[in-house]
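**Student:** Just dropping this structure here.
The values are calculated or read from the model by the stated rules, or taken from the named source; none is laboratory data. No experiment lies behind these values; they were computed from the predicted model shown. All Cβ positions, glycine included, derive from the backbone under ideal geometry; neighbour counts span all protein chains shown. Ligands, DNA and RNA are stripped out before the accessible areas are found, and what is left, the full protein with its side chains, is counted by its heavy atoms. Shrake-Rupley method; radii C 1.70, N 1.55, O 1.52, S 1.80 Å.
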Amino acid sequence: MVRTLLVRGLLLGLLAGLVAGVFAFAVGEPRIDDAIALENAAAAPGHGAAAEPESATHGHESGTHEQETGKHEHGEEVSRGTQKAGLFLATGLYGLAVGGVFALAFAGLRGRVGPRSDAALALAAAGTAFAAVIVVPFLKYPANPPAVGDPETINTRTLLYLAMIGVGLLSTAIAVTTARSVRGGPWARWPAAVLAFVVPVAVASLLLPTVDEVPDGFPATLLWQFRITSLGTQLVFWASFGTLFGWFCDRAARAPAPAPA
């Protein structure tokens, strides 16, 4: 059974990753192009370190020209066209990895924690994973577009982001343990579980350092469009994957058992 779940998780994770890739390509790539255009405008001769917002149009034209000639700062070795095509490879591989891990976790939770129905458990597990692994670190350290962030601090920022993922997973474990130990019905269990989840996340958010490396003059609208799109890509992935995994589990459960030979 574990092997069946693992294969199902890998294939459906790949499919959900490609669906998320389509969303990221259609909605997210224009934001990245705009951010790169601003970075080009700021780095162009005659421009200051922080370009004025009105130079964005000029920067976009300059960035487009440099992309076509292969001389873009971000595309000297890999063109933007190749990067965009590689987006689907990245989201597909991400889906494969996450799908495999999810399937193994699902096999361990099945019949022990959460809803008895496989479909409901898949949706609940996907929603919980999205909250713990994506939303929790996003609230503290949201994604940034190109031209935002100091390259010298990338290792520190990565470690802080991973720390928040760990906090999200630990908070989830605490919430599940609390829900199973509290008696008195769902009206007592659910508030206790939510509180057990929120408190560690809030404490960690207060204790961990804040990272704010947005340069002066960077358009706030573009910044938050990129961040919301990044979160939206993850939402599309987890919603697609949880729904597909749950549907296939429900379909397998309803399938008639093979007749004995």
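**Student:** Just to be sure I understand, how many residues within the stretch 81-109 are touching a helix residue (DSSP H, G or I) at 6+ places or on another chain (Cβ under 6 Å) and either loosely packed, with under 14 Cβ neighbours inside 10 Å or not assigned by the TED database to the domain that holds I134 (or both)?
**Tutor:** Within the stretch 81-109, residues that are touching a helix residue (DSSP H, G or I) at 6+ places or on another chain (Cβ under 6 Å) and either loosely packed, with under 14 Cβ neighbours inside 10 Å or not assigned by the TED database to the domain that holds I134 (or both) number 0.
**Student:** For residues in the stretch 185-235 being of a type in the set (S, T, N, Q) and crowded, with 17+ Cβ neighbours inside 10 Å, which is nearest to A37 (Cα to Cα)?
**Tutor:** Q225
**Student:** Within the stretch 159-182, identify whether any single residue is assigned by the TED database to the domain that holds L10 and polar (S, T, N, Q), and answer yes or no.
**Tutor:** no
**Student:** Assigned by the TED database to the domain that holds G246, open to solvent by less than 50 Å² (accessible area, probe 1.4 Å), modelled with pLDDT of 55 or more and out of contact with any Leu (no Cβ under 7 Å at 6 or more places or on another chain), is that true of V22?
**Tutor:** So V22 fails the test.
**Student:** Give the number of residues within the stretch 140-161 that are open to solvent by 40 Å² or more (accessible area, probe 1.4 Å) and at pLDDT below 95.
**Tutor:** Of the residues in that region, 9 qualify.
**Student:** What's the number of the condition G114 fails, among (1) buried (at least 17 other Cβ atoms within 10 Å of the Cβ); (2) at pLDDT 90 or above; (3) more than 26 Å from E39 (Cα to Cα)?
**Tutor:** For G114, the failing item is (2).
**Student:** State yes or no: is T158 among the β-branched types (V, I, T) and within 22 Å of L123 (Cβ to Cβ)?
**Tutor:** No, not satisfied.
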